[in-house]
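Beneath this line is the structure, given in structure tokens, with notes to follow.
Bear in mind these aren't lab numbers, they're just calculated from the coordinates by the rules spelled out. Source: prediction; values computed, not measured. Every residue, glycine as well, gets a Cβ built from its backbone with ideal geometry; the counts of neighbours run over all protein chains shown.
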Amino acid sequence: MKSKLYGMLGFDPAYLLILLIILIVILFICFINLNRKYNQMRKNYEVFMSGEDGKSLEESLLLKIREIHELKKQAQEHERYLKDIQKKMEGSYQKVGIVKYNAFQEMGGQLSFALTLLDENDNGWLLNSMHSQEGCYLYIKEIVNGESELELTQEETESLEKAVFQKSEEIESA
């Protein structure tokens with residue numbers, strides 16, 4: 001016995017029933033997944049909103065914002081402080097070169113020396129102390145941009161080169 005519905009549809013209604021059951025199972029799985037995500041979100045919300053009411057959350061946020069502004073002010077102060085230190089460091093003696101030598105043949109033990117003190121821009125002084133039996137003589141020469149207007153001795157030149165190229169030698173040996 002064939003029903004009129006079977007004739008109108010052109011296919012067996014059992015297939016439609018199976019399709020609807022599969023659709024219901026898929027929808028049930030989606031519902032379970034959605035319910036699980038909702039419960040997780042609700043737990044997160046409750047943790048986030050813990051306290052007497054929403055005011056505790058608002059107070060916490062305002063406190064954090066104030067802390068951020070305070071940290072920003074401190075960072076700006078530190079930046080100014082570091083720039084000031086850097087500016088002061090440019091004029092301080094940062095590079096040193098020293099060469100010990102025997103200035104006079106009658107004296108033993110290298111008691112004379114040439115000492116170079118330079119800042120970051122290779123400006124500074126070259127001190128040459130020459131020790132002899134009669135006494136000790138001290139000469140000073142100004143260094144500008146790594147050069148002296150006065151003629152330098154071999155020891156003074158070596159001391160100046162040690163100071164000027166000090167940073168590059170330290171990098172190579174590291």
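For the chain, which longest stretch is free of loop sites, where a loop site is one of the chymotrypsin sites (Phe, Trp or Tyr not before Pro) that DSSP puts outside H, G, I, E and B and that has at most 16 other Cβ atoms within 10 Å?
Longest run free of exposed loop sites: 12-92.
Under unit Cβ charges (Lys, Arg +1; Asp, Glu -1), what dipole magnitude, rounded to 20 debye, does segment 95-173 have relative to its Cα centre?
Once rounded to the nearest 20, the dipole reads 260 debye.
For the chain, which semi-axes, largest first and in whole Å, follow from the square roots of 5 times the eigenvalues of its Cα gyration tensor?
Sorted largest first and rounded, they come to 91, 27, 14 Å.
Arranged by the count of other C-beta atoms within 10 angstrom, fewest first, what order do Asp84, Asp122 take?
Final ranking by Cβ density, sparse to dense: Asp84, Asp122.
Suppose R0 equals 41 Å. What FRET efficiency, 1/(1 + (r/R0)^6) with r the Cβ-Cβ distance, do Phe165 and Glu134 give to the nearest 0.05?
The pair Phe165/Glu134 has a calculated efficiency of 0.70.
In this model, which of Lys88/Lys162; Lys64/Lys88; Lys88/Lys141; Lys43/Lys72; Lys64/Lys87; Lys37/Lys73 are farther than 31 Å apart at the alpha-carbon?
Pairs exceeding 31 Å: Lys64/Lys88; Lys43/Lys72; Lys64/Lys87; Lys37/Lys73.
Per residue of the chain, what 222 nm ellipticity follows from adding -39500 (n - 2.57) for every DSSP H run with n ≥ 4, rounded to the nearest 500?
-19500 deg cm²/dmol
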